[in-house]
Amino acid sequence: STLSSTPLRICVVGSGPAGFYTAEKLLKAHGSVDVDIIDRLPTPFGLVRSGVAPDHPETKIVINQFSRVAQNERCSFIGNVSVGSSITLPELREMYNGVVLAYGAESDRSLGIPGEELADIYAAREFVWWYNGHPDCRNLAPDLKSSDTAVILGQGNVALDVARILLRPTAELARTDIASHALAALEESTIRKVYLVGRRGPVQAACTAKELREILGIKDLVIHIKQADLVTTPADEIEMKNNRIRRRVYELLSKAVTAGHASVPGQRELHFVFFHKPDRFLESDDRSGRLGSVRLEKTTLKGDESMKQVAVGTGVYKDISCGLALKSIGYKSVAIDGLPFDNYKGIVPNLGGRVLANASLGDMQYETGLYVCGWLKRGPTGIIATNLYCAEETIACVSEDINKGVLSSKSVKPGRKGMLELLDSRNTRVVPFDAWEKIDLEEKRLGNLKNKPREKLATREELLKIAGK
Ligand code: FAD
């Protein structure tokens, strides 16, 4: 080809929604751009595979759209390649005209309270990865048999997902693509009571109505909400007036209050605990290093500006005995390879998706050819579709730089070929999209035998074996 039609080579790091939307938009906007999507796992699709709950199959349909992107002749998926260990970011930037980082948020915020290191306490992220068959949490083995109570800290949609998986009849879960090790553990689970703890009140609960309605509707589940917690203040009323979702959530919670339940043995219970914050985790009486209970401090809301009410402690405490605690207080991104990183916000500092060379305030120097998208760019909030708008914004920057000639170089970049040679020299067993398709077929075949849409292979060894690597 002539020099003017030399393809630009762009590498997208991470194959979740942000990565795939980015690739899709790039391919559409530029006829002569090649896009490689790499992922540290042998499997694509990020949290669509390992985050979205197994009983939400409709949400995963977007995988079909992403697969068509991967099948585009100017695009390739290259799995089992971790940036920061298989290949460094400087190496990638050397080999491609541009790099879009979309590697998500794979760590957790911590509470920073005493006892957090005890056994039986997990980040919701780990528990979700465990039931969704993510290889990193295949061996998590949460103990669901030593107690009848689990405490979940947080009341957002992830907290509701986790509570639902713990409480839903396992016969219903058995028909989903839940990992078989998790289904087996849940079938033997003795957990009957789940507490969902929020610092603030029912007006501020961070979940959305659809997810709330779903958990409230679980068959034979008894819902506990204190009537007194539903009393609203003028500030609450303003908050609900300004935010339709908050009102819907509040209304659903109000309707779920029912008076006086007779306790039936074995019955499953969901307790909403409002106006309490975790103070410490206490060890069980046998001093085994295991969790015995969670101590909560009662809170009250301060500040009457709507949406700005904050929870402050009152010095009144109560303990909930439990054998499992799940912290659902937010995901956090991790920094790689000297990448500019805002430790406070847990994101890569950027302006509309262009990576800023320095996180410090007021410095508007860009890293040439380096972009960011998705949870790594905005922080860990928003649904799958949010990443589509996020990708549009990032791609607008990439396009502008392409059109200005910022990304072109005198020599042709080695791109995919160069990267594959380097990885080969390091004995990295890469998984291209057709190898993933073998995994996909095998998982569907195994699922079919059990009346499940898919039986996930949950170890790297199994995945690589089926991929033929
Ligand atoms: P991710 O989806 O996390 O993708 C990041 C990718 O980067 C992963 O594939 C990872 O393997 C890869 N990666 C990480 N580090 C590296 C590295 N060093 N090198 C190479 N690759 C790397 N949204 C909905 O719309 N509906 C839902 O029902 C829903 N449920 C959710 C449930 C949970 C538990 C969670 C956490 C989120 C849920 N979401 C849901 C939100 C949605 O999943 C996110 O908005 C979306 O996945 C974020 O996309 P992302 O591409 O930024 O990150």
Practice item. Once you have the Cα-Cα distance between ALA396 and LEU441, take 0.36 nm times their residue separation minus that, and quote the gain in nm to one decimal. Key: 12.6 nm
Review point. Using the Karplus equation 6.51 cos²θ - 1.76 cosθ + 1.60 (θ = phi - 60°), what ³J(HN,Hα) coupling, rounded to whole Hz, does each residue of the stretch 178-193 give in order, writing x for Gly and Pro?
Key: 4, 5, 5, 5, 6, 4, 4, 5, 5, 5, 9, 4, 9, 6, 10, 10
**Study point:** Where labels lie 7 Å past Cα in the beta-carbon direction, separation of THR208 and ARG287 in nm
**Key:** 5.0 nm
Exercise for review: Evaluate E = 1/(1 + (r/R0)^6) for ASN427 and ASN64, where r is the Cβ-Cβ distance and R0 equals 25 Å; express this FRET efficiency to the nearest 0.05.
Suggested key: 0.15
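For a test of the definition: using alpha carbon positions, the gyration tensor, and the 1.5 limit on a/c, classify the stretch 274-335 as rounded, prolate or oblate. Show your work: numbers first, answer last.
Working: a/c = 3.48, a/b = 1.48, b/c = 2.35.
It comes out oblate by the Cα gyration axes.
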Check your understanding: Whose amide H sits under 5 Å from the amide H of THR43, counting only residues 5 or more places off or on another chain, with H placed in the peptide plane?
Key -> ASN80
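For the chain, what is Rg from Cα atoms divided by 2.2 N^0.38 Å, rounded to two decimals?
Working: Rg = 23.9 Å, N = 469, 2.2 N^0.38 = 22.8 Å.
Rg over 2.2 N^0.38 Å, computed on Cα atoms: 1.05.
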Review point. Once amide H atoms are placed 1.01 Å from N in the peptide plane, what residues at a sequence separation of 5 or more from ALA206, or on another chain, have their amide H within under 5 Å of its amide H?
Key: GLN155, GLY156
Point to revise | Phi-based couplings in Hz for the stretch 391-397 (Karplus 6.51, -1.76, 1.60; Gly and Pro marked x) | key: 5, 4, 5, 5, 5, 4, 5
Check your understanding: Quick one: Debye curve from the C-alpha atoms of the stretch 108-331, no solvent, what's log10 I(q)/I(0) at q = 0.08, 0.11, 0.15 Å⁻¹?
Key -> -0.28, -0.54, -1.02
Exercise for review: Along Cα→Cβ, 7 Å out, is where each label goes; now give me the distance between the ones at GLU172 and ASN72 in nm to one decimal.
Suggested key: 3.9 nm
Exercise for review: Collect residues whose amide H, placed 1.01 Å from N in the peptide plane, falls under 5 Å from the amide H of ASN350; neighbours closer than 5 in sequence don't count.
Suggested key: LEU356
**Study point:** Karplus-derived HN-Hα couplings along the stretch 419-424 (A = 6.51, B = -1.76, C = 1.60, θ = phi - 60°), whole Hz, x at Gly and Pro
**Key:** 5, 5, 5, 4, 5, 4
Check your understanding: Tell me, in nm to one decimal, what length is gained between LYS255 and GLN267 on full extension, where the rule is 0.36 nm per residue of separation less the Cα-Cα distance?
Key -> 2.3 nm
Review point. According to a simple spin-label model (label point 7 Å from Cα along Cα-to-Cβ), what is the distance in nm between VAL310 and LEU140?
Key: 3.1 nm
Practice item. Mind putting a number on the dipole of the stretch 71-180 about its Cα centre? Charges go on the C-beta only, +1 for Lys and Arg and -1 for Asp and Glu, and I need it in Debye to the nearest 20. Key: 300 debye
Exercise for review: Would you kindly state how much longer the chain becomes between LYS298 and ALA184 on full extension, computed as 0.36 nm times their sequence separation minus their alpha carbon distance, in nm to one decimal?
Suggested key: 37.4 nm
Check your understanding: Taking the highest mean first, how do the peptides 454-463, 64-73 order by number of other beta carbon atoms within 10 angstrom per residue?
Key -> 454-463, 64-73
Review point. Across the stretch 78-142, how large is the tail of the calculated P(r) beyond 15 Å, expressed as a percent of all Cα pairs?
Key: 67 percent
Revision key, fill the gap. So for R0 = 35 Å, FRET eff. of HIS224-LYS345 from the Cβ-Cβ r, to 0.05, ends up at 0.45
Review point. Over what distance in Å are the Cα centres of the stretch 98-129 and the stretch 197-272 separated?
Key: 26 Å
Exercise for review: Name the shape class, rounded, prolate or oblate, that the alpha-carbon gyration tensor gives for the stretch 25-177, where a ≥ b ≥ c are the square roots of its eigenvalues, rounded holds for a/c under 1.5, and otherwise prolate holds if a/b is larger than b/c and oblate otherwise.
Suggested key: prolate
**Study point:** Listed residue (SER146, MET95, TYR371) projecting farthest to the positive dipole end of the chain, Cβ model
**Key:** TYR371
**Study point:** Globularity ratio of the stretch 207-343, using Cα Rg and 2.2 N^0.38 Å
**Key:** 1.30
Revision key, fill the gap. At 4 °C and 1.567 mPa s, the Stokes-Einstein diffusion coefficient in µm²/s for the stretch 1-102, with hydrodynamic radius from the Kirkwood sum on alpha carbon pairs, is 92 µm²/s
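Quick note: the coordinates plus some simple rules give every number you see, no bench work behind them. Every value quoted in this text rests on a predicted model; they were computed, and no experiment measured them. FYI the Cβ positions are ideal-geometry reconstructions off the backbone, even for glycines, and counts take in every protein chain you see.
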